[in-house]
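*Asks:* Below is a structure I'd like to ask you about.
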Amino acid sequence: MPCILFVFSLIMVLRTPLQIAWSILISAWEGVSANAYVVRLRRRRPRLVGWAGRRLSMKRPTGLVLTIGAAAAAAALWLFISVTRAVVLKTSFAGIDQRILNLVPDIRTDGQNTFFIFVTFAASSTSVIVFLIILSLASWRRRQWWVPVLLAAAFGLERATSTVIQQIVARPRPDRSLGLLTETASVFPADTP
């Protein structure tokens, strides 16, 4: 309940600034559309401008939402590759977590332990499979079988990718006394948070 209240409060607080930002973006877009260079470009390269317009369209499912999603996925992939490179090369960036691990036992509380055990279980393969089964049953009644199939494929691809990268990187786990659960696989990329 506190989480729901926090999210609702956050939305209410950010509502006006988001409306202002949206208004500024619309005004900027209208200004760019009326720019003489953009008008000339539209006449010279109508296919390119049309393609860009479709990528930024708010009315099409393959428009702005897909463009933002693809950009976010590309940024996440770039970040993951950068971190993986740092771990493989054993850079100082990859050693930051060891300093944090040395501090954690001194400041960790029972409440934090309970919270992180819950988060670890919620993100585990067992929980995802239970969620997929529930989603499959709900989707079956609505004849939207592709939703659980798509999520199951994404989950399977994630598990396979994670397992392959764990075997390649083979980074050892921290001391067992720091862990809340017993785990034997390599530590990077983590199976659970």
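The values are calculated or read from the model by the stated rules, or taken from the named source; none is laboratory data. Bear in mind the structure is a predicted one, so any value in this text is a computation, not a measurement. In this analysis, Cβ positions are derived from the backbone assuming ideal geometry, glycine residues included, and neighbour counts consider all displayed protein chains. Protein only, heavy atoms only, side chains kept; ligands, DNA and RNA dropped before computing areas. Shrake-Rupley method; radii C 1.70, N 1.55, O 1.52, S 1.80 Å.
*Asks:* State the number of residues belonging to the stretch 1-54 that are more than 19 Å from V65 (Cβ to Cβ), of a type in the set (V, I, T) and open to solvent by less than 90 Å² (accessible area, probe 1.4 Å).
*Replies:* Of the residues in the stretch 1-54, 6 are more than 19 Å from V65 (Cβ to Cβ), of a type in the set (V, I, T) and open to solvent by less than 90 Å² (accessible area, probe 1.4 Å).
*Asks:* Limited to the stretch 17-27, what total is found for residues that are modelled with pLDDT under 80 and among the polar types (S, T, N, Q)?
*Replies:* Residues that pass the stated criteria total 0.
*Asks:* Right, here's the next one. For the stretch 141-150, name all the residues that are surrounded by 12 or more Cβ atoms within 10 Å (Cβ to Cβ) and modelled with pLDDT under 80.
*Replies:* Within the stretch 141-150, Q144, V147 qualify.
*Asks:* Only one residue in R42, R108 is under 30 Å from A170 (Cα atoms) and more than 26 Å from the chain's Cα centre (by Cα). Which one?
*Replies:* Step by step, each of R42, R108 is checked, and only R108 is under 30 Å from A170 (Cα atoms) and more than 26 Å from the chain's Cα centre (by Cα).
*Asks:* Scan the stretch 151-185 residue by residue and report those that are charged (D, E, K, R) and either modelled with pLDDT of 80 or more or part of a loop (DSSP other than H, G, I, E, B) (or both).
*Replies:* Result: E158, R159, R171, R173, D175, E183.
*Asks:* Determine which single condition P61 fails, assuming it passes every other condition in (1) under 30 Å from E158 (Cβ atoms); (2) part of a helix (DSSP H, G or I).
*Replies:* Going through (1) under 30 Å from E158 (Cβ atoms); (2) part of a helix (DSSP H, G or I) one by one, P61 breaks only (2).
*Asks:* Suppose the filter is under 21 Å from I165 (Cα atoms), open to solvent by 60 Å² or more (accessible area, probe 1.4 Å) and not in a loop (DSSP other than H, G, I, E, B); does R85 pass it?
*Replies:* yes
*Asks:* Please name all residue pairs, on different chains or six or more residues apart, with Cβ atoms under 6 Å, provided the first residue is in the stretch 111-133 and is under 22 Å from P148 (Cα atoms) and the second residue is open to solvent by 80 Å² or more (accessible area, probe 1.4 Å).
*Replies:* That search, which allows pairs on different chains as well, returns A123/P193.
*Asks:* From the list F131, F116, F93, exactly one residue is out of contact with any Ser or Thr (no Cβ under 8 Å at 6 or more places or on another chain), surrounded by 13 or more Cβ atoms within 10 Å (Cβ to Cβ) and modelled with pLDDT under 80. Which is it?
*Replies:* None of the other options fit; the residue is F93.
*Asks:* Let me ask something else. Report yes if some residue within the stretch 43-51 is among the aliphatic types (A, V, I, L, M) and farther than 30 Å from Q98 by Cβ; otherwise report no.
*Replies:* The answer is yes; a qualifying residue exists.
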